[in-house]
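Everything on this sheet refers to the single structure shown next.
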Amino acid sequence: MPAPTVSERPRTDLAIFVATSGHSGVDRIIANLLPEFSRAGLRVDLLRVRNHGPWIEELPAGARAIDLQRDHVTQSLRPLTRYLRTNHPRVLLSDKDRANRTALRAIRRAAIDTRCFVRLGTTVSANLANKGPVDAWLERRSLRRYSRADGIIVPSTGAANDLARTADLPRDRIHVLPNPVVTPAMEEQALSATPAPHPWLADNAEYPVILACGSLTPRKDYATLIRAFAGLQPQRASRLLILGDGKEYQRLLHLADDLGVANLVDFPGFVNDPIPWMRHAAVFAHTSRWEGLGIVLVEALACGTPIVAMDCPSGPSEILENGTYGTLVTPGDIHGFTQALAHSLTNPSPAFRSIERARIFRSDIAAQAYIDTLGLSRQPHARNIN
């Protein structure tokens, strides 16, 4: 099969190689970075693996999508190598372990001077702890090969220290870059008066709504949230909305029924834009067992919504500055989470402080950090693209 063909133009500054579910944190990161890269005058190629995201309806000026003509990352080594030899981008950026491994192999095969940066958005030791011993050993061995990259990017200091320790990688090769969560459009939306997207949110004064958002998987530990919520009812009548879908759905439904709160818990499914939901919620709850950062926490901050979060590795304590901008609970402490919810419902934190904190995750600040780290600053062709 011939190599992907592209139109003639000056050398690409940045090629991005990711394959996502279409509604993950990585999708939002790429979607928010691309317009900022465009404004910085960078030429960007988004290398597409079919049947995978990120699905971006309209690419900004200076960006284009290149079809690698493969259905899976594991099939993409040869076309990625051909793309690199043909287009010779200044930098290749990949995300998630399979894409990272493929990118490193392709760079080696292409034998060109393109710099390669790999990114991981999770706390790897916690991820490995949930795998079998053989799979964990193989993945840890794979992570050590990241030393071949020109740099490794993670979203939090906790994730950086954990990766260095777990994979025996030089800490000075790991760069902590903020996630580009807060865009100008989000800031405007978070502060605007929008209709409540769910009937319970319209009745939030009498029966305050606790909101959670994320895939229904064991890592998000919504079972703990439902148990803490059930313990809250004798103290404060309230309701619980959990946005997302996943394999835990039926188990969580049965748990809510067993605890006698099925009529107070609703699962609206995956929601593409959670901001209006967060805007109307009384409290945002986060019970993940581990994270790389926790994008939804930043989104809730941007809406000024009080937060109660498990202090899991890594991210919540950094986002909330050790509890300054939200309540942190020891992981697994169901009673403590119940009491923290009760306190936040009675004594909500000031919205303006949360909103101000969220601004450190603005997309323009994060994009500039990426540009500087990737070595794409001060390119002679850089210009403002309107």
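Any read-out appearing in this document is the output of simple, stated calculations on the displayed coordinates, not a laboratory observation. What you see is a predicted model; the values in this text were computed from it and never measured. Glycine gets a Cβ as well: all are built from the backbone with ideal geometry, and neighbour counts include every protein chain shown.
Details
- Neighbour counts of C-beta atoms inside 10 Å place 249, 83 in the sequence 249, 83, starting with the fewest.
- As a rough footprinting exposure proxy, the listed residues 325, 207 were ranked by other beta carbons within 10 Å of their own, and the order from fewest upward is 207, 325.
- Neighbour net charge for residue 67 - beta-carbon separation under 10 angstrom, K R +1, D E -1: +3
- Taking other residues whose beta carbon is less than 11 angstrom from the beta carbon of residue 274, and scoring Lys, Arg as +1 and Asp, Glu as -1, yields 0.
- Percent of Cα-Cα distances greater than 29 Å, calculated over the chain: 44
- Cβ charges +1 (Lys, Arg) and -1 (Asp, Glu), total dipole of the stretch 184-361, debye: 180
- Taking the Kirkwood radius as Rh and the Cα radius of gyration as Rg, the stretch 94-147 has a ratio of Rg/Rh equal to 1.03.
- Each 10 Å bin from 0 upward holds the following percent of the Cα-Cα pairs of the stretch 184-361: 10, 42, 39, 8, 0.
- Over the chain: helical MRE at 222 nm, DSSP H runs n ≥ 4 each giving -39500 (n - 2.57), nearest 500: -11500 deg cm²/dmol
- Charge tally for residue 364 (other residues, Cβ to Cβ under 11 Å; Lys, Arg +1; Asp, Glu -1): +2.
- Only Lys, Arg (+1) and Asp, Glu (-1) charged, at Cβ; the chain dipole about Cα centre in debye: 1920
- Degrees separating the helix 222-232 axis from the principal Cα axis of the chain, which is the longest one: 20
- Protection-proxy order for peptides 224-235, 128-139, 283-294, 309-320, each taking the mean of Cβ atoms within 10 Å per residue, highest first: 283-294, 309-320, 224-235, 128-139
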